[in-house]
Amino acid sequence: MKIPTTHVGSLPRPHELLDAMKTKISGRGFDEKKYQSLVKAAVETCVRKQVEAGIDIVTDGEQSKPGFFLYVNERLEGFTPRPGMRRKFFPTETAAFPEYYAQYFKQAMLGGTVAPVVPMVCTGPVKYRGEAALAQDIANLKAAAAAAGAQGVFMPAVAPSGVGVNEYYKSEEEFFHAVGAALSVEYRAIVDAGFTLQIDDPFLSDVFVDPDYDAKGRTARARMYVDAVNASLRGIPAEKVRFHTCYGINEGPRIHEAALADVVDAMLAVNAGAYSFEAANPRHEHEYHLWEKVKLPPGKKLIPGVITHASNIVEHPELIAERLLRYAKLVGAENVIAGADCGFSSQATYTTEVHPTVVWAKFQAMRDGARLAAAKL
């Protein structure tokens, strides 16, 4: 019996690569050949270290991606950066702790990023244009995984709900489906490369605490998100897809977040073979009890977070084993994969909240915890 290990995707980038990203974004003195060489080397190192730390299902650490917003601008036509636009992130949570989050966003979550977070606005027809960048990402990951002897490989891609604000399409539904149709090019290329596709959708969980909607409106918007994802996945076998949702904030009070009980029906409606969610942090660890009532559909797997991205404390392997055993007893050990709550560097930044050296220690602890759990089973 073995419980496989994986994580959510993003990992800290080397400082030399971050410097090159800043140069690329500024456009001054940029050397494309040197940049691609740095990305390739970063992916090789990142994948090798994942395998060495005991990660079974690896990825490229999103080494080539500066962050969600620049990724959208690079991969999709029809979007315009809107630097002056103010977007309210986590409005209820930040209103409850304004002093804390003013400091936090400055110093931690958005501090030290290679580029400012600039909202993207849809101002024209959405089309996919990232074929060259995607092909390079796939080639780098294929080569690195083969060299490291990885057992499995996944690649993350953003969900249709996560790309920007609509000012072009007649309705939100039309907008999300147009984005999904464009992103399906990326989704299919990832699966055709032999990787498992991971759809990243932290925005689904946010819907269920959005103050702009009542309960009925939240359910309707979540359904819209799910319908757009499923339309974009049409023709892709569910077992080649995993779906990740989380809460956006890393370290914070996090009192105003949706319960997994609110999100679970929408999450399980996504046509995926596995579902990744936060389960290791103190606001959500107790939610394993939900699976005493909710039946996991046949053939599906859970990827609960058993290590958190919100603390530099390295979880003890015994605690990780305990967390995995809870899920194994509720849904079957064969349906459990050990994972992390979220990525460790969703934005390319010089100051990741979890220190890079600690990330690898957390992975090693997860490996050891998964082995302990398997032995006890």
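The values are calculated or read from the model by the stated rules, or taken from the named source; none is laboratory data. Owing to the predicted nature of the structure, the values given are computational and were not obtained by experimental measurement. Cβ placement follows ideal geometry from the backbone for every residue including glycine, while neighbour counts extend to all protein chains displayed. Only protein heavy atoms, including side chains, enter the accessible area calculation; ligands, DNA and RNA are left aside. Shrake-Rupley method; radii C 1.70, N 1.55, O 1.52, S 1.80 Å.
Does at least one position in the range 214-233 carry a residue that is of a type in the set (D, E, K, R) and in contact with a strand residue (DSSP E or B) (Cβ under 8 Å, 6 or more places away or on another chain)? Within the range 214-233, none of the residues are of a type in the set (D, E, K, R) and in contact with a strand residue (DSSP E or B) (Cβ under 8 Å, 6 or more places away or on another chain).
Against the list (1) surrounded by fewer than 14 Cβ atoms within 10 Å (Cβ to Cβ); (2) at pLDDT 95 or above, the condition THR92 fails is (2). Where strands (runs of 3 or more DSSP E) sit wholly within the range 179-277, those with at least 3 residues that are in contact with a helix residue (DSSP H, G or I) (Cβ under 9 Å, 6 or more places away or on another chain), more than 27 Å from LYS127 (Cβ to Cβ) and open to solvent by less than 20 Å² (accessible area, probe 1.4 Å) occupy 274-277. Checked against (1) assigned to a loop (DSSP other than H, G, I, E, B); (2) at negative phi; (3) over 19 Å from the mean Cα position of the chain (by Cα), GLY299 passes all but condition (2).
Select from the range 94-131 the residues that are in contact (Cβ under 8 Å) with a residue 24 or more places away in the chain, closer than 30 Å to SER171 by Cβ and outside any loop (DSSP other than H, G, I, E, B) and list them in ascending order. Across the range 94-131, the qualifying residues are MET120, VAL121, CYS122, THR123, GLY124, PRO125, VAL126, LYS127, TYR128, GLU131.
Applying the condition of being over 11 Å from VAL58 (Cα atoms) and among the hydrophobic types (A, V, I, L, M, F, W, C) to the range 147-160 and asking which residue is surrounded by the most Cβ atoms within 10 Å (Cβ to Cβ) yields ALA159. Every listed requirement among (1) touching a strand residue (DSSP E or B) at 6+ places or on another chain (Cβ under 7 Å); (2) crowded, with 18+ Cβ neighbours inside 10 Å; (3) not aromatic (Phe, Trp, Tyr) is met by LYS49 save one, (1). Residue pairs whose Cβ atoms lie under 6 Å apart, sitting 6 or more positions apart in sequence or on different chains, and linking a residue in the range 32-54 that is under 21 Å from HIS7 (Cβ atoms) and assigned to a helix (DSSP H, G or I) to a partner that is of a type in the set (Asp, Glu) and modelled with pLDDT of 95 or more, are VAL43/ASP60. Looking at this structure, is LEU296 at pLDDT 95 or above, open to solvent by 10 Å² or more (accessible area, probe 1.4 Å), of a type in the set (A, V, I, L, M, F, W, C) and in contact with a strand residue (DSSP E or B) (Cβ under 9 Å, 6 or more places away or on another chain)? Yes: the conditions hold for LEU296. If I filter the range 314-333 for residues that are under 20 Å from the mean Cα position of the chain (by Cα) and open to solvent by less than 30 Å² (accessible area, probe 1.4 Å), do I get at least one hit? The answer is no, given that none of the residues of the range 314-333 is under 20 Å from the mean Cα position of the chain (by Cα) and open to solvent by less than 30 Å² (accessible area, probe 1.4 Å).
Right, ALA375: modelled with pLDDT of 95 or more, among the small types (Gly, Ala, Ser) and open to solvent by 50 Å² or more (accessible area, probe 1.4 Å) or not?
Yes; evaluated as a whole, the condition is true for this residue.
Residues in the range 350-370 that are in contact (Cβ under 8 Å) with a residue 24 or more places away in the chain and either surrounded by fewer than 21 Cβ atoms within 10 Å (Cβ to Cβ) or acidic (Asp, Glu) (or both): TYR350, THR351, GLU353, HIS355, PRO356, VAL358, TRP360, ALA361, GLN364, ARG367, ASP368. For the range 115-124, the criterion of being touching a strand residue (DSSP E or B) at 6+ places or on another chain (Cβ under 9 Å), closer than 29 Å to ALA148 by Cα and open to solvent by less than 40 Å² (accessible area, probe 1.4 Å) is met by none of the residues.
A Cβ distance below 6 Å, combined with a sequence gap of six or more or placement on separate chains, defines the contacts here; from the range 309-324, residues that are part of a helix (DSSP H, G or I) reach residues that are of a type in the set (D, E, K, R) in the pairs PRO317/ASP368.
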